[in-house]
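One structure below.
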Amino acid sequence: MSAQCSSIKQQDHDGNLNFINTQETQWRDVPKEPIKYASKKDTIMVSGGLTIVQDKLMESAICSLGEKFVALPNPDFESFQTGKAYGNRGQCNPTYFTVGNLVKYLQNVRDEQGLTSKEIVERYIYLTAGGCGPCRFGMYITEYKKALRDAGFDGFRITSFEHDKGIFQGDDIEEQILNFTPRFFVTLVKSVVIGDIINILGYKMRPYEVVSGSVDIAIDECKNIASDAFIEHKSLIKAMWKCRRVLEEVKLNRIQPKAKVMVMGEFWAAMTQGDGNYNLHRFLEAEGAECIPQPIINRLMLSLWEAERELDRNAGLPNEDAKGVDFTHAKSKVLIKAGKMAVKTHFNLYAKAIGLHDFEIPNMDELSDLSKEFYTLDCEGGEGHLEVAHLLESIKHNIAHLVISIKPFGCMPSSAVSDGIQSLVTSRFPQANFLSVETSGEGAANFYSRVQMALFKAKQLAKEEFEEIPTPLSIPEKLNNYLYQPKNERAGTASQLLESIREH
């Protein structure tokens, strides 16, 4: 090797390679020193990563069960930077934001409350959803532990439940410091469902508020009412009725042609409300659009649908562990059906009480039939066939003027759909207004520019639709009441309202 080449990279150990394999270099998921963790009653559970309303309700719901639980703050750009500082390279946005948010929170506890890193490791435990798939989701827990170790919290406990295994998985979870009982999961689902309902109404009302910020104030009050109901073990249905009275006080002007935009895509990117998706929902509203969000209940119903389909697919396979007659399949089938019925029943009860009338829980069988021509139902990574189904549903039923699929940079499951399969869908249905966008954590200018270009067309469609319908000389008062939610073949809210009185 020439002297010039040798100067490019300095030789390790002067060319002596005897140091190889003398030290452990492989990652080991075990703390270096044994740790005496706090007792169950002194352990504090932390979690987060859903919407702002749902994180608050989840905190209240779990605390109502006697657990010590703290919901993490909404992840911001500083969380992203912290995640990149301590995480591996090449991870996706959700990993950096969620991992960094946990590390940042623990650092604040250490610096502001005066606890040592050792005390934090002993007292705190993090709860997250687990799972696998063709992406980094299956590596989240390892990423948490790696980042926590490098941030000085080696041995910090992470426990998880599987998002697709229902409410009877407590005995399968190794970390028994927490009470993962059916009651725990039912209460958790209730908090998520109520959060979905409040969020949906917020997105329906906010673009039409007369006084800027009035909807946010009302939504915040509803969040507190529901939170108190969990803590005080009061009727959640009565709490939703109280929320209805709060929301009715908000003044709206709904006779405005606004583009309706369905936001879907990778679960976290489409659901989060903050820097993780460049505040997409708020940006769209500021640009004069109304958002159709993808509530978490959609992902829950997909998980139940996938579990039932997997059960049917394996129905004929022998169970070597079975003793005598095997009732495993029938029992699992009943539990899944009961789970779906329970979710739908609770959702409809709470939705009716607060005044959400026009939202229908998606029929997963219909959506699968809609999309199976374009996307194999056996591909269950990410949102599976749902992204294709939502676009086709929007086209078929004229639900939105624009459909946006958002995902983290390099998201394998979602990119394969939105950048691949959806091009086939849009070629078959040229009337579709579809945009696929990615987030990387840095630089929002290009992102916003692409959204604005697609939104321009959506606004034109909304305006043309609105102008097709004659506007009456006097607007009935009920049109500006959020409780009046007519359904017809129009996409825009204002057009639906005018069409409804035209029909009569």
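So the values come out like this:
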quantity	calculated
Which listed residue, of Val250, Val246, is among the aliphatic types (A, V, I, L, M), more than 19 Å from the chain's Cα centre (by Cα), part of a loop (DSSP other than H, G, I, E, B) and modelled with pLDDT of 95 or more	Val250
Meets criteria (in a helix (DSSP H, G or I), modelled with pLDDT under 95 and closer than 28 Å to Asn199 by Cβ) for Ile62	yes
Matching residues, the stretch 126-148, being at pLDDT 85 or above and surrounded by fewer than 21 Cβ atoms within 10 Å (Cβ to Cβ)	Lys146
Answer residue from the stretch 441-454, given it is within 17 Å of His401 (Cα to Cα) and touching a residue at least 40 places away in the same chain (Cβ under 8 Å) and is surrounded by the most Cβ atoms within 10 Å (Cβ to Cβ) among those	Val451
Residues that are under 22 Å from Leu483 (Cβ atoms) and either in a helix (DSSP H, G or I) or at pLDDT below 85 (or both), drawn from the stretch 307-357	Lys344, Thr345, His346, Phe347, Asn348, Leu349, Tyr350, Ala351, Lys352, Ala353, Ile354
Number of positions in the stretch 448-494 that are of a type in the set (Gly, Ala, Ser), out of contact with any strand residue (DSSP E or B) (no Cβ under 7 Å at 6 or more places or on another chain) and within 14 Å of Ala289 (Cβ to Cβ)	1
Subset tally (residues that are small (Gly, Ala, Ser) and more than 26 Å from the chain's Cα centre (by Cα)) for the stretch 92-127	2
So Glu438, is it in contact with a Cys (Cβ under 9 Å, 6 or more places away or on another chain) and without any contact (Cβ under 8 Å) to a residue 40 or more places away in the chain	yes
One residue from Ile198, Ile217 being at pLDDT 95 or above, closer than 27 Å to Val437 by Cβ and out of contact with any Gly (no Cβ under 7 Å at 6 or more places or on another chain)	Ile198
Matching entry among Leu386, Leu424 (being more than 21 Å from Gln91 (Cβ to Cβ), touching a Lys or Arg at 6+ places or on another chain (Cβ under 9 Å) and in contact (Cβ under 8 Å) with a residue 24 or more places away in the chain)	Leu386
Total residues in the stretch 383-406, condition in a loop (DSSP other than H, G, I, E, B) and among the hydrophobic types (A, V, I, L, M, F, W, C)	2
Criterion violated by Thr493 - all others in (1) in contact (Cβ under 8 Å) with a residue 40 or more places away in the chain; (2) more than 22 Å from Phe283 (Cα to Cα); (3) among the hydroxyl-bearing types (Ser, Thr, Tyr) satisfied	(2)
In the stretch 452-478, the residues that are touching a helix residue (DSSP H, G or I) at 6+ places or on another chain (Cβ under 8 Å), modelled with pLDDT under 95 and either part of a helix (DSSP H, G or I) or within 20 Å of Glu248 (Cβ to Cβ) (or both)	Pro476
Residues located in the stretch 433-460, provided they are within 24 Å of Asn398 (Cβ to Cβ) and of a type in the set (A, V, I, L, M)	Leu435, Val437, Val451, Met453, Ala454, Leu455, Ala458
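Here is a yes/no grid of residues against (1) at pLDDT below 95; (2) assigned to a helix (DSSP H, G or I); (3) of a type in the set (A, V, I, L, M); (4) over 16 Å from the mean Cα position of the chain (by Cα):
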| site | (1), (2), (3), (4) |
| --- | --- |
| Ile167 | yes, no, yes, yes |
| Glu174 | yes, no, no, yes |
| Arg183 | yes, yes, no, yes |
| Cys222 | no, yes, no, yes |
| Ser227 | no, yes, no, yes |
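The values are calculated or read from the model by the stated rules, or taken from the named source; none is laboratory data. Please read all numbers here as calculations on a predicted model, not as lab measurements. Positions of Cβ are backbone-derived with ideal geometry, glycine not excepted, and every protein chain shown enters the neighbour counts.
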